[in-house]
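Asker: Following this message is one structure expressed as structure tokens.
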Amino acid sequence: MKKRQSQVECAVWLTRYLLLSAAACYTFWPSIAAAWQQAIGEAHAAALARIEEPSVAASLKFLASDELAGRGTGTPEYAIAAAYVASRFQAAGLEGGGDQGTFYHTKEIQLSLMPGRGIEFASPQGQTLPFLGVLAATDQEVAAAGAVQKLNLREIPEDGEIAAVVLAELRSPSPPARAVQAILANAAAKLSARGARALLLAVDPNDDLVKNSLRSTIQPRVVDPRTNLAIPIVLIDQNLTNQLEQVQLKVPPRILQSYRAKNVIGMIRGSDPVLAAEAVVFSAHLDHLGRAPNDPEQIYNGADDNASGVTAVLSLADAFGASAIRPQRTLLFMAFWGEESGLLGSRDFAARPTWPLEKIVANINIEMIGRPEPGATKKIWVTGWEKSDLGTIMNEASQEVGVTIFEHPRYSSMLYRSSDNWSFAEKGVVAHSFSAGSLHGDYHQPTDDWEKLDTQHMTEVIRGLYFGSLPLTSGQAKPKPAAK
Ligand SMILES: [Zn+2]
């Protein structure tokens, strides 16, 4: 009986308490909601305070400084740039997201230097003949002599012996470097199989290939096994081909060195027990073209391409690291090596990921955001727009800070496969590059300097990317690939 009475009392008190609570909530709810909204607003304001023009400009200037010598993959300066990014990730409160919880995802790669001396190119009588450079050398010294056979690279006979020394012409201007590599690798394999020992490639002396061959005698180049050549290639002036009937030549081997190439990866773990297993990746390539071929004093600083994108990744890491609102999904911040050599760093990540690719909901890759097209400040275009709804989702959210994310009529489809997003996209991850720049005259020139960038525009664009990504980081939205 006693027990029953106490239960009744308890129920009465509980009912009173609930009624009072409900009344209080009803009375005070608008102010509770307002306070909550204000707290969210303040958290984002604190995050935005980490994306300010002075700090954006400071990161950009350091990465694009002469001291970093153009961040060529394989150089000591690239390693300094990577150490800087790792240090900034640590300062922003990130955990290592690379190998064994470190900030680095490392790959031992081979670098090659083309022989700059010891090349012999002469008539049968020993009279020296002029040449423009060595575009490719093999792992052994190659000597060849005899009559020169002229061939069209696209019409190499499928069978029968051909001469030891073949001469072919490459029309100028030569196609983009990657296309040339593919053409030459294919031709060299066929020529070698037919018995050729060396290829003389006749080009315009002003062609970029000549510059590249000079560069590769002083600046180690990443060996990409896909484009290894079976025979050496010597560049000659296309105006002198008639003088080449009989030749003898000797090309020393290329010099191989090994190098530890580093992607840099930082992580903020998601706060939601379920969504934390999914990651949003912010990335940018850290490498650029290094020093100029025939003048080491001249530096390809790569301010827009892509010190600007790395600056965005660093600023976003600062902002998310400082925000009082923890992301529900895990965030990964990445800086890649070897983009300029064929997306090699991001390909290596996709081949040996430290986070499962199927648990990456989106890759937001950032490329060249410092030099807007006329009238296009606060505007970001996305490559491969129609491949998923990521651009649409982010555009809606970035309106919060007046930034528009859109489909560029020319570049969006043209450049989808041209940057590190492609390493993810080709493995089925929703992945796009975000650019707020233009293909200006300084693109891939030593004149791509930080003085030419609009750092206020960059700051607003980075804020746009921060807000644009909130639906993903908070788990409210999950981008879907377009139906095929
Ligand atoms: Zn780039």
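The values are calculated or read from the model by the stated rules, or taken from the named source; none is laboratory data. The shown structure was predicted, so the numbers you read here are calculated from the model rather than taken from an experiment. Glycine gets a Cβ as well: all are built from the backbone with ideal geometry, and neighbour counts include every protein chain shown.
Asker: Pull up the range 36-46, narrow it to residues that are over 17 Å from Val403 (Cα atoms) and of a type in the set (Gly, Ala, Ser), then point me to the one that is modelled with the highest pLDDT.
Answerer: Taking the range 36-46 first, the residues over 17 Å from Val403 (Cα atoms) are 36-43, 46.
The next check asks that each one be of a type in the set (Gly, Ala, Ser); those that pass are 39, 41, 43, 46.
Numbers: Ala39: 75, Gly41: 79, Ala43: 77, Ala46: 82.
Filtering first and then ranking leaves Ala46.
Asker: Mind checking whether some residue in the range 326-337 is more than 23 Å from Trp355 (Cα to Cα) and either crowded, with 24+ Cβ neighbours inside 10 Å or not assigned by TED's automatic domain parsing to the domain that holds Asn421 (or both)?
Answerer: Checking the range 326-337: not a single residue is more than 23 Å from Trp355 (Cα to Cα) and either crowded, with 24+ Cβ neighbours inside 10 Å or not assigned by TED's automatic domain parsing to the domain that holds Asn421 (or both).
Asker: Let me ask you something else. For the range 126-170, enumerate the residues that are of a type in the set (Asp, Glu) and assigned to a strand (DSSP E or B).
Answerer: Taking the range 126-170 first, the residues of a type in the set (Asp, Glu) are 139, 141, 155, 158-159, 161, 169.
If the condition is that a residue be of a type in the set (Asp, Glu) and assigned to a strand (DSSP E or B), then Glu169 is the only one that fits.
Asker: Looking at Ala145, Ala193, Ala189, which one is surrounded by 13 or more Cβ atoms within 10 Å (Cβ to Cβ), in contact with a strand residue (DSSP E or B) (Cβ under 7 Å, 6 or more places away or on another chain) and within 25 Å of Pro115 (Cβ to Cβ)? Reasoning before the result, please.
Answerer: Working: Ala193 fails: in contact with a strand residue (DSSP E or B) (Cβ under 7 Å, 6 or more places away or on another chain); Ala189 fails: in contact with a strand residue (DSSP E or B) (Cβ under 7 Å, 6 or more places away or on another chain).
The conditions single out Ala145.
Asker: In the range 172-204, what count of residues is obtained for those that are more than 21 Å from Asp224 (Cβ to Cβ) and either among the basic types (Lys, Arg) or part of a loop (DSSP other than H, G, I, E, B) (or both)?
Answerer: Residues in the range 172-204 being more than 21 Å from Asp224 (Cβ to Cβ) and either among the basic types (Lys, Arg) or part of a loop (DSSP other than H, G, I, E, B) (or both): 7 in total.
Asker: Another question about this same structure. Can you pull out the residues in the range 330-357 that are in contact (Cβ under 8 Å) with a residue 60 or more places away in the chain, more than 14 Å from the ligand (Cβ to nearest atom) and part of a helix (DSSP H, G or I)?
Answerer: Initially, the range 330-357 is screened for residues in contact (Cβ under 8 Å) with a residue 60 or more places away in the chain, giving 330-350, 352, 354-355, 357.
From the residues that got through so far, the ones that are more than 14 Å from the ligand (Cβ to nearest atom) too are 330-334, 347-350, 352, 354-355, 357.
Once the filter is applied, which keeps residues that are in contact (Cβ under 8 Å) with a residue 60 or more places away in the chain, more than 14 Å from the ligand (Cβ to nearest atom) and part of a helix (DSSP H, G or I), the range 330-357 yields Arg347, Asp348, Phe349, Ala350, Leu357.
Asker: Is there a residue in the range 373-387 that is surrounded by 24 or more Cβ atoms within 10 Å (Cβ to Cβ), more than 16 Å from the ligand (Cβ to nearest atom) and not hydrophobic (A, V, I, L, M, F, W, C)?
Answerer: no
Asker: Sticking with this structure for a sec: Pull out all pairs, ordered by first then second residue, where Cβ-Cβ is under 6 Å, the residues are six or more apart or on different chains, the first lies in the range 282-306 and is within 27 Å of Ile360 (Cβ to Cβ) and within 16 Å of the ligand (Cβ to nearest atom), and the second is of a type in the set (Phe, Trp, Tyr) and assigned to a loop (DSSP other than H, G, I, E, B).
Answerer: Asp287/Trp337
Asker: Of all residues in the range 81-125, count the ones that are among the β-branched types (Val, Ile, Thr), surrounded by 21 or more Cβ atoms within 10 Å (Cβ to Cβ) and in a strand (DSSP E or B).
Answerer: Just the residues of the range 81-125 that are among the β-branched types (Val, Ile, Thr), to begin with: 85, 102, 106, 109, 119.
Still in the list and also surrounded by 21 or more Cβ atoms within 10 Å (Cβ to Cβ): 85, 109.
Next, from what is left, pick out any that are in a strand (DSSP E or B): 109.
The total comes to 1.
Asker: Looking only at the range 307-329, which residues are within 16 Å of the ligand (Cβ to nearest atom) and among the β-branched types (Val, Ile, Thr)?
Answerer: As a first pass, look at the range 307-329 and keep what is within 16 Å of the ligand (Cβ to nearest atom): 307-313.
Passing the criteria: Val310, Thr311, Val313.
Yes or no, residue by residue, for (1) touching a Phe, Trp or Tyr at 6+ places or on another chain (Cβ under 6 Å); (2) modelled with pLDDT of 90 or more; (3) surrounded by 24 or more Cβ atoms within 10 Å (Cβ to Cβ):
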{"residue": "Pro220", "(1), (2), (3)": "no, no, no"}
{"residue": "Pro232", "(1), (2), (3)": "no, yes, yes"}
{"residue": "Tyr259", "(1), (2), (3)": "no, yes, no"}
{"residue": "Ile265", "(1), (2), (3)": "no, yes, yes"}
{"residue": "Asp272", "(1), (2), (3)": "no, yes, no"}
{"residue": "Ala277", "(1), (2), (3)": "no, yes, no"}
{"residue": "His285", "(1), (2), (3)": "yes, yes, yes"}
{"residue": "His288", "(1), (2), (3)": "yes, yes, yes"}
{"residue": "Pro293", "(1), (2), (3)": "no, no, no"}
